[in-house]
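The values are calculated or read from the model by the stated rules, or taken from the named source; none is laboratory data. Keep in mind that this is a model prediction, so the values were computed, not measured. Cβ placement follows ideal geometry from the backbone for every residue including glycine, while neighbour counts extend to all protein chains displayed. Just so you know, the surface numbers come from the protein's heavy atoms only, side chains and all, with ligands and any DNA or RNA stripped out. Shrake-Rupley method; radii C 1.70, N 1.55, O 1.52, S 1.80 Å.
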Amino acid sequence: MIRFTIVTITYNAEKVMQRTLDSVRRQTCQEIEHLIIDGASKDRTVAMAEAYQAEVPYHVVILSEPDKGIYDAMNKGLHKATGDYLVFLNAGDTLHAEDTLATIANSYQSSPAVIYGDTAIVDTNGNFLHLRRLRPPKQLTWKSFRQGMLVCHQAFYVRRDIAQQYDYDLQYRHSADVDWCIKVMKKAAELQLPLVNTHKILADFMEGGNTTQNHRASLKERYRVMCHHYGSVQTFFLHGWFLVRTLFK
């Protein structure tokens, strides 16, 4: 059986933590390693994680200590992962359905570098609002992200042996996930490994997350990431086309 490592980053997350824990607990596929990386929360986050750890049959690791931000915490989880595939599901985010991990497992036969799908945007009560504006292409490649981050990080499952070749770059405060995903996909192309589309909604992302709250800074960082991977000239003209298309919709 394929085994999943789910990494959940938390900090003072008691208001949204339970929904994430419950979505993992409800999975029909229980081949799970759940790593909860906490930034020394001062609320009940760690106590909630410990109660969850005592109740579930799969392996749960809790690490609570100060960090240098979300991507430093994600690197800690990345280094501790032992599963076949790894995904980041942070506090407040949820797996879309009870059979989400089973759906991923059914896409495992070719041992792809990445298994991906769609993302639903939900409100603070978990109610569906709409699908994420940027939608996954039928066939994802590392060049696809020239059009933006078409696959949400929570719906991007990476083979661990590939994932652990790259740390999240801490020079980026809001968009290191974009940079990391592109690096992973470049490695997949180098190794001639497939990226498999499940054609399913895999994750629910709560409206108003870290990137949304820091939208302007995130856009500036994403521009830098794209210049690095796709070249300054191509990135400049692509963003000019995005602006024209938006103005004349």
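Per-structure values
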{"quantity": "Residues that are touching a Ser or Thr at 6+ places or on another chain (Cβ under 9 Å), assigned to a loop (DSSP other than H, G, I, E, B) and under 20 Å from residue 138 (Cα atoms), drawn from the range 159-198", "calculated": "193, 194"}
{"quantity": "Residues (open to solvent by 60 Å² or more (accessible area, probe 1.4 Å), touching a helix residue (DSSP H, G or I) at 6+ places or on another chain (Cβ under 6 Å) and not aliphatic (A, V, I, L, M)) located in the range 165-204", "calculated": "167, 186, 200"}
{"quantity": "Neighbours by Cβ (under 8 Å, 6+ apart or cross-chain): first from the range 128-150, surrounded by 18 or more Cβ atoms within 10 Å (Cβ to Cβ); second of a type in the set (Asp, Glu)", "calculated": "132/118; 136/118; 149/177"}
{"quantity": "Residue within the range 155-170 that is out of contact with any His (no Cβ under 9 Å at 6 or more places or on another chain) and modelled with pLDDT under 95 present", "calculated": "no"}
{"quantity": "Matching residues, the range 59-117, being in a strand (DSSP E or B) and among the β-branched types (Val, Ile, Thr)", "calculated": "60, 61, 62, 87, 94, 114, 115"}
{"quantity": "The range 152-175, residues that are among the small types (Gly, Ala, Ser) and within 17 Å of residue 8 (Cα to Cα)", "calculated": "155, 163"}
{"quantity": "Out of 216, 224, sole residue that is open to solvent by 50 Å² or more (accessible area, probe 1.4 Å), part of a helix (DSSP H, G or I), at pLDDT 90 or above and more than 27 Å from residue 81 (Cα to Cα)", "calculated": "224"}
{"quantity": "Which listed residue is touching a Ser or Thr at 6+ places or on another chain (Cβ under 9 Å) and closer than 24 Å to residue 174 by Cα, from 122, 114", "calculated": "122"}
{"quantity": "Evaluation of residue 79 against (1) under 22 Å from residue 184 (Cα atoms); (2) open to solvent by less than 60 Å² (accessible area, probe 1.4 Å) (one fails), failing number", "calculated": "(2)"}
{"quantity": "Selected residue (criterion: nearest to the chain's Cα centre (by Cα)) from residues of the range 23-75 that are touching a residue at least 60 places away in the same chain (Cβ under 8 Å) and open to solvent by 40 Å² or more (accessible area, probe 1.4 Å)", "calculated": "70"}
{"quantity": "Filtered residue count, the range 25-58, keeping only those that are touching a strand residue (DSSP E or B) at 6+ places or on another chain (Cβ under 6 Å) and not in a loop (DSSP other than H, G, I, E, B)", "calculated": "11"}
{"quantity": "Scan of the range 153-164 for residues that are open to solvent by 10 Å² or more (accessible area, probe 1.4 Å) and either among the small types (Gly, Ala, Ser) or under 20 Å from residue 216 (Cα atoms) (or both), ordered by number", "calculated": "153"}
{"quantity": "From the options 87, 122, residue that is more than 26 Å from residue 193 (Cα to Cα), crowded, with 18+ Cβ neighbours inside 10 Å, β-branched (Val, Ile, Thr) and out of contact with any Lys or Arg (no Cβ under 8 Å at 6 or more places or on another chain)", "calculated": "122"}
{"quantity": "The range 90-110: number of residues that are in contact with a helix residue (DSSP H, G or I) (Cβ under 9 Å, 6 or more places away or on another chain) and open to solvent by 20 Å² or more (accessible area, probe 1.4 Å)", "calculated": "5"}
